[in-house]
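Colleague: Structure below; questions to follow.
Nothing in this text is a laboratory measurement; each read-out follows from the coordinates by a stated rule. Every value quoted in this text rests on a predicted model; they were computed, and no experiment measured them. Using ideal geometry, Cβ is built from the backbone for each residue, glycine included, and neighbour counts are taken over all protein chains shown.
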Ligand SMILES: NC(=O)c1ccc[n+]([C@@H]2O[C@H](COP(=O)([O-])OP(=O)(O)OC[C@H]3O[C@@H](n4cnc5c(N)ncnc54)[C@H](OP(=O)(O)O)[C@@H]3O)[C@@H](O)[C@H]2O)c1
């Protein structure tokens, strides 16, 4: 399907590897000009080379989206180098695991900056231009934990739900201005982060057996859902969370 976004410009954060990189690849395949951001320069350079090799027009910017300055600088630099931003994919690393009763205020504050405030600040940064042009797509990468909390991932469970509620509220505010705001909630996806979450092969196999399709997602499968929400065809879809989890969340809604 031609997503009808060729020539648009996207900012994809957390895009040097994993799900974010796959999203950048999917947008490049649609002839979108892509600005990728992550903290570590070497990883970014390698990602940019791979995307260039795939024919992409790509700019790589080092940025830490867990700080207000990191977000304002990367949005300003992306606009200065690439022009107006039509698409924002707000993605980053996940907050650390930890049981509810053991996390102190500092852990909550750090995770809030990384997971909630990055999405809020990135959206605020790109929205004025999108509203002015009457066209925009904002997609937050969250987690299946917004539908079904994962024990031990307290910070992710709570803060991704906050991102979801923020997105729903913002979606209503800008719905009649050509700007959509949605979330993609991945299930277990084969990236470096997933490798770090499992203590051993037994734990990995146990989780895999609980997924109806009996495997982890490929990052490209998450990216395809994000690309759809960035498309012209998705103009009437806003305020939604698209769960891409191989059937793992068992609830009807
Ligand atoms: N993989 C899964 O099974 C899964 C499932 C559900 C939800 N998720 C969520 O989906 C998101 C992406 O997951 P992933 O598996 O692709 O992670 P990943 O492989 O660890 O990649 C994370 C990317 O984000 C960048 N990043 C991390 N912190 C950043 C920051 N503060 N500022 C800017 N960039 C930052 C990393 O580069 P640098 O380190 O160089 O900054 C990297 O490019 C995470 O939030 C994760 O929690 C993942």
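Colleague: Quickly run through segment 217-243 and pick out the residues that are surrounded by 19 or more Cβ atoms within 10 Å (Cβ to Cβ), under 19 Å from residue 17 (Cα atoms) and touching a helix residue (DSSP H, G or I) at 6+ places or on another chain (Cβ under 7 Å).
Modeller: Scanning segment 217-243 gives 219, 222, 223, 226, 227.
Colleague: Moving to a separate point now. Which residues, taken from segment 141-163, are outside any helix (DSSP H, G or I) and closer than 16 Å to residue 114 by Cα?
Modeller: Correct list: 141, 142, 143, 153.
Colleague: Another question, if that's okay. Across segment 92-109, what is the number of residues that are touching a strand residue (DSSP E or B) at 6+ places or on another chain (Cβ under 6 Å) and more than 16 Å from the ligand (Cβ to nearest atom)?
Modeller: Going through segment 92-109 one residue at a time, the tally reaches 0.
Colleague: Go through segment 126-164 residue by residue and tally those that are over 16 Å from the mean Cα position of the chain (by Cα) and under 16 Å from residue 90 (Cα atoms).
Modeller: Final tally of qualifying residues: 2.
Colleague: Sticking with this structure for a sec: Residue under question is residue 57, and the condition is that it be over 16 Å from residue 227 (Cβ atoms), within 16 Å of the ligand (Cβ to nearest atom) and surrounded by fewer than 22 Cβ atoms within 10 Å (Cβ to Cβ); does it hold?
Modeller: Judged against the criteria, residue 57 is not a match.
Colleague: From the list 12, 89, which one is under 18 Å from the mean Cα position of the chain (by Cα), under 23 Å from residue 164 (Cβ atoms), near the ligand (Cβ under 10 Å from one of its atoms) and outside any helix (DSSP H, G or I)?
Modeller: Within the list 12, 89, the selection yields 12.
Quick grid of which residues meet (1) more than 10 Å from the ligand (Cβ to nearest atom); (2) free of Cβ contacts under 8 Å to residues at least 12 places away in the same chain; (3) over 22 Å from residue 211 (Cα atoms); (4) touching a strand residue (DSSP E or B) at 6+ places or on another chain (Cβ under 9 Å):
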position: 111; (1), (2), (3), (4): yes, no, yes, no
position: 133; (1), (2), (3), (4): yes, no, yes, no
position: 140; (1), (2), (3), (4): no, no, yes, yes
position: 145; (1), (2), (3), (4): no, no, no, yes
position: 152; (1), (2), (3), (4): yes, no, no, yes
position: 162; (1), (2), (3), (4): yes, no, yes, no
position: 179; (1), (2), (3), (4): yes, no, yes, yes
position: 185; (1), (2), (3), (4): no, no, no, yes
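Colleague: Still on this structure: Could you check segment 164-204 and list, in sequence order, the residues that are more than 14 Å from residue 243 (Cβ to Cβ), in contact with a helix residue (DSSP H, G or I) (Cβ under 7 Å, 6 or more places away or on another chain) and in a helix (DSSP H, G or I)?
Modeller: 166, 170, 174, 177, 192, 193
Colleague: Out of curiosity, is residue 138 in a loop (DSSP other than H, G, I, E, B) and in contact with a helix residue (DSSP H, G or I) (Cβ under 7 Å, 6 or more places away or on another chain)?
Modeller: Judged against the criteria, residue 138 is not a match.
Colleague: On the basis of being near the ligand (Cβ under 10 Å from one of its atoms) and crowded, with 23+ Cβ neighbours inside 10 Å, does residue 191 make the cut? Walk me through it before giving the result.
Modeller: Working: near the ligand (Cβ under 10 Å from one of its atoms): yes; crowded, with 23+ Cβ neighbours inside 10 Å: no.
Against the criterion (near the ligand (Cβ under 10 Å from one of its atoms) and crowded, with 23+ Cβ neighbours inside 10 Å), residue 191 does not qualify.
Colleague: Could you check segment 61-73 and list, in sequence order, the residues that are in contact (Cβ under 8 Å) with a residue 24 or more places away in the chain and either under 23 Å from residue 96 (Cβ atoms) or more than 11 Å from the ligand (Cβ to nearest atom) (or both)?
Modeller: 62, 63, 64, 65, 66, 67, 68, 71, 72
Colleague: Hey, residue 93 hits all of (1) in contact with a helix residue (DSSP H, G or I) (Cβ under 6 Å, 6 or more places away or on another chain); (2) within 28 Å of residue 112 (Cβ to Cβ) but one; which does it fall short on?
Modeller: (1)
Colleague: Which one of these does residue 34 not meet: (1) closer than 14 Å to residue 14 by Cβ; (2) touching a strand residue (DSSP E or B) at 6+ places or on another chain (Cβ under 7 Å); (3) within 12 Å of the ligand (Cβ to nearest atom)?
Modeller: (3)
Colleague: To continue, here is another question. Report yes if residue 187 is on the phi > 0 side of the Ramachandran plot and within 19 Å of the chain's Cα centre (by Cα), otherwise no.
Modeller: no
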